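Below is one structure, written out as structure tokens; comments come after it.
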Amino acid sequence: MKRIAILGSTGSIGVQCLQVIQRYPEKFKVRALSAGRNVNLLAEQVLQFKPEAVSVRDADAAAQLEELLKGYDVEILSGEQGHIQIAGMADVDLLVSAMVGAAGLAPTIAAIKCGRDIALANKETLVAAGRIMMDMAKEYGVKILPIDSEHNAVFQCIHGRDKAEIRRIILTASGGPFCHRKDLESITPDDALKHPTWSMGAKITIDSATLMNKGLEVIEAHHLFGMPAEDIGVVVHPQSIIHSMVELVDGGVIAQLSVPDMKAPIAYCLSFPERLDGVIERLNLAAIGHLSFEEPDTDRFPCLQLAYAAIKIGGTMPAVLNAANEVAVSKFLAREIGFMDIPRVIKQVMDSHKPIPAPSIDDIFAATEWGKDAATLLVHDNQGRVGIAHQSH
């Protein structure tokens with residue numbers, strides 16, 4: 001039986017992860033859970049899965065959870081240190097890292113240092129500190145198993161292959177809800193949250209609509225698979241049936257296909273190297289009828305090119321890109337800026353950053369905070385007139 005801890009258990013990935021675990025109780029045991037402030041759902045999860053410890057965002061949430069679980073024997077932790085304790089718990093075989101944003105970085109590092117294998121759904125961790133994370137995983141003998149459907153697909157396509165056989169990686173993108181929409185300036189959060197094929201959390205759904213999600217995935221794939229960014233392509237595939245492809249040196253292309261259901265890559269990471277039977281609905285290609293592809297329009301959706309620029313510059317720039325995007329998306333969801341202001345804010349923050357070429361983990365944390373502060377400052381000036389001070393080191 002595999003013992004599991006989950007960072008972000010009340011989010012979309014965390015909930016689906018627990019659904020898979022619930023279906024195969026003889027194979028998995030939940031040891032620990034962490035969440036933000038959704039204490040009601042977390043309390044339900046505790047009663048159902050009986051973890052030994054849980055962690056929430058802050059002391060107030062911890063007090064609320066304690067009241068909900070009065071008389072129930074479970075250790076309740078809080079704050080970043082609480083999440084780090086959950087990540088480093090003994091007698092855990094696999095940590096599911098599914099917290100949203102840069103908040104997942106420190107706990108995931110703690111888990112790696114404890115020799116814990118990682119099922120990674122927090123792409124921002126590799127975007128901000130990919131080189132450090134992968135070097136550390138190698139040092140501690142830790143497997144990084146990607147939950148993202150695209151990277152999970154690539155992982156399946158290349159598993160057991162020599163790297164010399166692989167010419168390039170092709171990530172597929174649904175194109176989001178606005179692939180062919182002309183007017184992008186008038187898009188509202190309600191519009192952007194209506195994804196045509198995937199059911200995801202709010203932040204990743206907005207990232208999908210701007211194509212930033214695909215940009216972050218290019219950076220993630222660069223680190224996960226050791227491929228140069230120029231050998232990682234993106235193609236729009238609205239049906240979301242092919243989750244990614246790998247082109248081999250002889251011209252052959254291997255693809256991984258399934259219905260768009262995140263429980264498939266989640267289950268593969270939980271059970272690796274085995275496969276679970278009957279996880280999702282079987283694929284009926286005749287019923288689907290056709291699969292289509294097109295090039296992404298980076299003039300209308302500039303976030304993808306901003307991500308390529310960040311990985312080309314390297315150093316702390318991807319961390320700043322990620323931090324600025326987090327702020328811009330949150331401000332868009334709060335209706336403080338427009339949809340097309342998201343790439344504008346990110347670009348201005350990137351243009352104002354002086355990257356450190358070979359950063360330490362402390363440099364990554366500092367650049368992340370700088371990027372958030374710089375983006376917030378820009379948004380507060382709703383005309384974009386306030387300049388951003390260059391980061392000094």
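All of the numbers you see were taken from the coordinates with simple rules; none came from a lab. Only a predicted model underlies this, so the values are computations on that prediction, with no experimental measurement involved. Note: ideal-geometry Cβ built from the backbone for every residue, glycine included; neighbour counts use all protein chains shown.
Here are the numbers for the structure shown:
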{"read-out": "Antiparallel %, DSSP beta bridges [both residues in the chain], to 5", "value": "30 percent"}
{"read-out": "Cβ crowding within 10 Å averaged over residues, with 128-140, 285-297 ranked highest first", "value": "128-140, 285-297"}
{"read-out": "Out-of-range pairs (alpha-carbon distance over 20 Å; input LYS2/LYS138; LYS50/LYS113; LYS123/LYS182; LYS27/LYS50)", "value": "LYS2/LYS138; LYS50/LYS113; LYS123/LYS182"}
{"read-out": "Extension reserve of the ALA358-VAL249 stretch, reckoned as 0.36 nm per residue once the Cα distance is removed", "value": "36.1 nm"}
{"read-out": "Cα-derived Rg to Rh of the stretch 186-246, Kirkwood definition", "value": "1.01"}
{"read-out": "Highest average packing first - 143-156, 211-224, Cβ atoms within 10 Å", "value": "211-224, 143-156"}
{"read-out": "Lysine pair count for the stretch 263-372 [Cα-Cα under 15 Å; pairs on different chains or 8 or more apart]", "value": "5"}
{"read-out": "Long-range amide H partners of SER55 with built H, under 5 Å", "value": "LEU33, SER34, ALA35, LEU77"}
{"read-out": "Zone residues, the stretch 244-282, relative to ILE288, backbone N less than 13 Å from point 7 Å out along Cα-to-Cβ", "value": "244-245, 255-261, 281-282"}
{"read-out": "Extreme residue, positive dipole direction of the stretch 286-361, given options THR316, ILE346, GLY289 (C-beta unit charges)", "value": "THR316"}
{"read-out": "Estimated Rh, the stretch 29-86: Kirkwood, alpha-carbon pairs, angstrom", "value": "10.8 Å"}
{"read-out": "Cut-off 17 Å, label 7 Å out along Cα→Cβ of LYS194, residues of the stretch 326-360 by amide N", "value": "339"}
{"read-out": "5 angstrom amide H check on PHE28, placed H, neighbours 5+ away", "value": "LYS2"}
{"read-out": "Equivalent ellipsoid, the stretch 314-380 (semi-axes from 5 times Cα gyration tensor eigenvalues, Å)", "value": "22, 10, 8"}
{"read-out": "Antiparallel DSSP beta bridges within the stretch 123-281, as percent of all bridges there, nearest 5", "value": "65 percent"}
{"read-out": "Dipole in debye (nearest 20) - the chain, about Cα centre, beta carbon charges: Lys, Arg +1; Asp, Glu -1", "value": "300 debye"}
{"read-out": "Normalised contact order of the chain, rounded percent, pairs of Cα under 8 Å and 6 or more residues apart", "value": "14 percent"}
